[in-house]
Amino acid sequence: MSQADAKRPTGDTPTDWHAHPLEEVYADLETSAEGLTAAQASDRLEREGPNTIEAEEGTSPLRILVEQYSSALIWVLIVAAVVMAAVGHTIDAAVIAGIVVFITLFGFVQDYRAEQSIRALQAMATTYAIVRRDGEKREIAATTVVPGDVIFVESGDIVPADARILEESNLRVDEAALTGESVGVSKEVGQVDEETSLAERTNTIYKETVVERGSGVAVVVETGPETEIGQIATALEEAEDRETPFQSEMDQLGKLIAGIVVLAVAVIAVAELVIGETEPLQVFLTAVGIAVSAVPEGLPAVVTLSLALGARRMADQNALVRRLPIVEALGSVDVICTDKTGTLTEEEMTVQRLVTNREVYEVTGTGYGTEGAFLQDGDPVDTERVAEVLRCGMLCNNVDLGTRERDETGTNGSPGDGTTTAKPTGQERTYLGDPTEIALFVAAQKAGFDHEALAEEYPRVGQIEFTSTRKRMTTIHETPDGDLKAYMKGAPETVLERCNRELVDGEIVELTAERRAELEQQNEDFAEDALRVMGFAYRPDVSDEQANRPDERLEQELVFLGLQGMLDPPRPEVTDALAGCLDAGINVVMITGDNAVTARAVGEEIGLRSTTVISGPELEEMSDERLANVVEDVDIFARTSPEHKTRILQTLQAKGHTVAMTGDGVNDAPAVKNADVGVAMGIRGTDVTEQASDIVLLDDNFATIRDAVKGGRRIFDNVRKFVNYLLSGNGGEVTMIFSGSMLGFGLVITPIQILFINVVTDGIPALSMGVDPPAKDIMERDPRPPEEGVITDRIITSIVGIAIFMTVCLLPLFTLNFYGELVPGYDVLGAVIGWSPDYEPSRELAQTMVFTGFVVFEIVRIQAIRYRYGLGLFTNRWLVIAVAVAVTLQLLVLYTSTGQLLFDVEPLALVHWVQIAVAAILFALLMAVFVKVQDRYFERY
């Protein structure tokens, strides 16, 4: 008996749930078709644990720590420490060893925080389940489903747990994640033999499988690790562990730096050992200094942390980044293909107009409030005049009234960490279902229809599900007279072409060609007013055979009932968001299932660039060449299918565009998956589409896409800034050491001092640059070309220029404080700036001057790099704090006995700070001129 079985109420529950009668299943689980009470569910969740599979735990802290020692640089430093200890330089060896520990701990902390940030983001990507508790439907986090719960699934859902089917309608499930079979499995109510293989258990659905079609009701039999998929430790889609493009570019850069280091060390070794008379140990220290100064030790960790924290900021703005590498693509997006309903519009639809009995009626009321009246020419009418079309809208409808649980975080679903048991703090009464169907449901309620009473009077006995291809849905009901009747709703043209009769004042009359044309014109009139229109019809003569095996033959020779026109107003923030995208060089394309007239009306209202429209049928008739010629000039595609989305996407990508594609339905998943940036809707989107996406919009709002692009550009800018900052500092150190060695000065700065600069006084400000605010014009530039990496020609010239200018300004400081009287003009300069008579130049003092000069120059470098982004020093308080900390640490090194001993430095007098200040001013002037020259020859960004 399994561990889970031991926890069950009866203690001796079966594992072959598929082979037992439903009565036994209910008895073993101590449940019923009505499901559990909230108290029972809470007790079982406490006993059974969360409905999660304990598969991949992420990278362990120990592994993260061990990986810090995989760098060749770390081992170079370790070897250097060992050699120095062997030759008697114990203090130097101890300092290098301490720096190695600091580097590894520094990297560990950053990588660990990045790992925790990623896991926190993943925890936010919670799937939900609809269950029946306390006799009503509730939407809860899938992690809180327990054995005995009665769940509801429909097309696009990921099954939350192993469950035995109680009811189904045309239910088919993709079980490839569990069985490897690519063909969907049709499900049905019943009992199968105990020996039946997993792939043939048609009466059971399994956790992490995908509902392809239809709907069903089932009782949960296993959760978490006791599910079939939990026992074989398989997941629907393993998380991808991809190296970010930034890291890939940094790896290539590392190889280039390694080559430069080898060349520089070889030149120095030949010059010092063969030509000069330098001791081998000193040459070794110089080589170590070159190696240490050339490689940006903390850069990979800084990049990863910056991406992770940036993604976290974007999540706070309702854009959940599921894959960190996508941040780079966000900065390159130049086309956004977006849905209309719910993304550009409110998706709180309200029926405002009806056509039935050959008359047009107005409907009052807004939103989901049930107060409203039906008017004709401004006067109220009897609801019986509109009853049939409204009854059809409520019966051919999957909306239900229920509750949505609110957890401790204030959001729908699981608790903050995504793994522990949630204690709901409140419940929200709501409609559960598609917004279009909710609008039809509410309109019927305004006419006095009661859902439960109507369902009892007209019980549903069968249905043919809506799909994006069919564009219609049909349900079969038993009437109070005992007859069977089919009701259909769908796109008006789809419904009309299946009708040959019309209901007028209670009489069925022929639907003439003239009347059909009038209805088509009314549909177009509604659409011109930006109304979304649905058509309704019924079939009175349904046979038992048709009800038992419903198919498309049932959907012929129908009686037309009327039209309902729903208004879905644009979101108030969309117009500004769309204008912002256009200003940023991003074209917006609306791809909608609505008709061309409605789509054009909405496009004009929100301010699309043009209102050229291509419909789905027109698209199908176009050759690939013809579509490629016109796709960049079209802003609206109407009456489209998911297949059309994929074709539009591929055509835009073939034209060189970086495309963000939104989607919500299960059939949208291929287009979302193949887009450069796949965007899923977090509220109305299916689980399958969310898992195929790169970003999930937690509020389904187009403005959030705009904000995500802005966030992506900000992250990329910040990465560029601190890459430029760190590499320019490394370049200055290499140039300084190499120049000093070639000029016969020996080691102008020690390896220990270089390590301190790279890791502490440069590393801390670099981290703070990761939270720099966005440039004011960040959404006024054109998108970055996708082939453009982090390091551009401008950044390369910046690194080289800064390195040269630092060397030019710091070498005189070394020379002046090392050679003293031998420097021409020494006496005059000493008199001007007031050197004391007992001033004695030395190598230690000269190295201290260079060491401190590098730290002071960081302030100038920071502003030189941030200047072109329009950022002042005080626009980032964390950067100010970081610089202050770096300077404070440098002062502690200079003016404490421990710092002087460890880093082999001398305390500096006022005269020395004057020299450094003069050098810093010269460096600032050179950088100011250099930036102006760069602006002339390079793009600003």
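Other residues within the sphere of radius under 15 Å centred on the Cβ of ARG936, judged by their own Cβ, net out at +1 (K and R +1, D and E -1). The modelled label-to-label distance for the pair ARG936/ARG553, using points 7 Å beyond Cα in the direction of Cβ, is 8.4 nm. Simple point charges give the picture: +1 on the Cβ of Lys and Arg, -1 on the Cβ of Asp and Glu, and for the range 438-577 a dipole about the Cα centre of about 360 debye. Within the same chain, lysines fewer than 8 places from LYS187 are excluded, and of the rest, those with a Cα less than 21 Å from its Cα are LYS207.
The local environment of ASP624, defined by Cβ-Cβ distances under 15 Å, has a net charge of -3 under the rule Lys, Arg +1 and Asp, Glu -1. If you take the Cα centroid of the range 894-910 and the Cα centroid of the range 785-818, the two points sit 28 Å apart. Distance between the pseudo-spin-label points of ALA27 and ARG47 (7 Å out from Cα toward the beta carbon): 1.8 nm.
Annotation: lysines with alpha-carbon distance below 24 angstrom to LYS932 (same-chain offsets under eight excluded): LYS721, LYS776. Per-peptide packing, taken as the mean over residues of other Cβ atoms within 10 Å, places 518-530, 786-798 in the sequence 518-530, 786-798 from highest down.
Spatially, the range 556-628 and the range 17-37 are offset by 48 Å when compared through their Cα centroids.
LYS471: which lysines have alpha carbons under 18 Å from its alpha carbon, excluding same-chain residues fewer than 8 sequence positions away? The qualifying lysines are LYS340, LYS489, LYS645.
The gain in end-to-end length when the LEU401 to LEU65 segment is fully stretched comes to 115.8 nm, 0.36 nm per residue minus the alpha carbon separation.
A simple spin-label model places pseudo-atoms 7 Å from Cα toward Cβ; at ASP541 and GLU200 they are separated by 4.3 nm. Karplus-derived 3J(HN,Hα) values for the range 607-621, using 6.51 cos²θ - 1.76 cosθ + 1.60 with θ = phi - 60°, are x, 4, 4, 9, 10, 5, 10, 10, 8, x, x, 5, 5, 5, 7 Hz; glycine and proline are entered as x.
Each reported figure results from applying straightforward, stated rules to the coordinates on display, with no laboratory input. The shown structure was predicted, so the numbers you read here are calculated from the model rather than taken from an experiment. A quick note on method: Cβ atoms are made from the backbone with ideal geometry, for glycine too, and the neighbour counts reach across all protein chains shown.
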